[in-house]
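The structure under discussion appears below in the form of structure tokens.
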């Protein structure tokens, strides 16, 4: 399913949009009546890290961590951070 949404709706309803994307809904975001970008659900087949690796833009260590994070998400293991800074520190 594909839904058109305005940029303002994205800003005010981010949580709902995220939840729908997790269920497979694709969004096309429009600004001033013109499509600007898409929000696509990440496939559940463990392909996201593989696609990053194929791009050649990321080093092996980063790809290993992305793959591990993807596996944790599939198992329901998540971690919350108090701030963006804490999250960024966890990446190093």
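The values are calculated or read from the model by the stated rules, or taken from the named source; none is laboratory data. What you see is a predicted model; the values in this text were computed from it and never measured. With ideal geometry, Cβ positions are generated from the backbone for all residues, glycine too; neighbour counts draw on all protein chains shown.
A few points about this structure:
- Taken over the stretch 17-35, the criterion of being under 22 Å from residue 74 (Cα atoms) and surrounded by 11 or more Cβ atoms within 10 Å (Cβ to Cβ) is satisfied by 17, 18, 19, 20, 21, 22, 24, 25, 26.
- Of the residues 91, 57, 63, the single one that is modelled with pLDDT under 80, surrounded by 13 or more Cβ atoms within 10 Å (Cβ to Cβ) and out of contact with any strand residue (DSSP E or B) (no Cβ under 9 Å at 6 or more places or on another chain) is 63.
- Yes/no for residue 28 being at pLDDT 90 or above and under 14 Å from the mean Cα position of the chain (by Cα): no
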